[in-house]
1. Could you check the spin-label model distance between residue 47 and residue 252? Points 7 Å from the Cα along Cα→Cβ, value in nm.
2. Using Cα pairs closer than 8 Å and at least 6 residues apart in sequence, work out the relative contact order for the chain, in percent.
3. Collect residues whose amide H, placed 1.01 Å from N in the peptide plane, falls under 5 Å from the amide H of residue 77; neighbours closer than 5 in sequence don't count.
4. Mind sorting out which of (i) 37, 25, 19; (ii) 43, 25, 15; (iii) 32, 24, 19 is the real semi-axes √(5λ) of the Cα gyration tensor in Å computed from the coordinates?
5. Residues of the range 145-160 with amide nitrogen under 19 Å from the 7 Å Cα-to-Cβ point of residue 14?
6. Would you be so kind as to identify all helices of the chain, as entire DSSP H runs, whose Cα atoms reach 27 Å or more along the helix's own axis and whose mean Kyte-Doolittle hydropathy is at least 0.0?
7. Rg to Rh ratio, the range 244-301, alpha-carbon atoms and Kirkwood radius?
8. Going by average Cβ density within 10 Å per residue, which order do the peptides 180-192, 98-110 take, highest to lowest?
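The values are calculated or read from the model by the stated rules, or taken from the named source; none is laboratory data. In this text the structure is predicted, and so the values were computed from the model without any measurement. Heads up, the Cβs are rebuilt from the backbone with ideal geometry, glycines too, and the neighbour counts pull from every protein chain shown. To get the accessible areas, we keep the full protein, side chains included, count just its heavy atoms, and leave off ligands, DNA and RNA. Shrake-Rupley method; radii C 1.70, N 1.55, O 1.52, S 1.80 Å.
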Amino acid sequence: MEIVQTKNPSRGMNKVIIVTRKTRLCELIQKYNTLEQAKFYIEHLGADFSDYVLEDCNYTEAVSTVKSIALKYARVHEVDRTFFPNLIIGRDDIVVTVGQDGMVANVMKYLNGQPLIGINPDTRRWDGVLLPFEPRDLETILPAVIAGRYDAKKVTIAKASTKDGQEMLAVNDLFIGQRTHTSAQYDITLNNTTEAQSSSGIIISTSLGATGWYKSILAEVSRIAKAFGSETCISCQPMPWSCDTLTFVVREPYPSRSTKADIVFGTLAKTDTFSILSRMSANGVIFSDGMENDALEFNAGSEITIGIADKKGNLVV
């Protein structure tokens, strides 16, 4: 973490929080201790080490540009994304992420309406669906956000709640199943219908997340259906990010004498009830937005309820 003092004290205690991440090069150096050893490892595998160096240089330059602009307007607090969940965020703080789309999702769920600005550090490398700005765009965007004159998209957030009071939020999707992605056993209840299932897990997606994991599942189903002669086109239709519905898909459900495969796909509105009761002795998990290391245990006897969070994300566009 790094706190940089403001050059403009008029912002008082409000601050700009810049969320960063380690590049692949930084992670390699951390693992192999030195740049030379990291280079030897990559080149020994026949890969191009210069690409790692270029990515790191571009990212470092992007962060430096963002920080220098932000310092003109506010106190700046730079934090690695791994520490962000423990950060105390002020009501009037502004958050800037410098990284890929996944960073936006992983940061947004910890905010309570604060504006979030997504910066694409390398437009030649990342598409940036959630990253509408380049580093130097902050010179125009940040003063507008500070003044409250900006456009934003509201983003629906999914919520998994356990009976013992734990919660997990998701901007893209929730995964419920085995940590190893092998067969998971559970009872699934949609409104008043319950069935026992064995599957590779359940994906619950928001409208924003429908372009991610959910989209890949539909692509697989579409190709399989086509291979069996179906002319039906199965595709992911874009929905407004603020739409108050979720979509669930059961991956590879296995029907047997003791399990069914009827409740495998559907949409969830605020009026629907959707819950899962674990029948797994070990390794059952719930995680969100691809963060497997930040998971809740979901073993035998645990029950979760899936719904829509009361708060929404606030992404500057």
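1. If labels sit at residue 47 and residue 252, their model points lie 2.6 nm apart.
2. Taking the mean separation of contacting Cα pairs over the length of the chain, I get 19 percent.
3. 4, 16, 17, 18
4. (i)
5. 145-153
6. Length and hydropathy pass: 49-70.
7. On the Cα set of the range 244-301, Rg over Rh gives 0.99.
8. 98-110, 180-192
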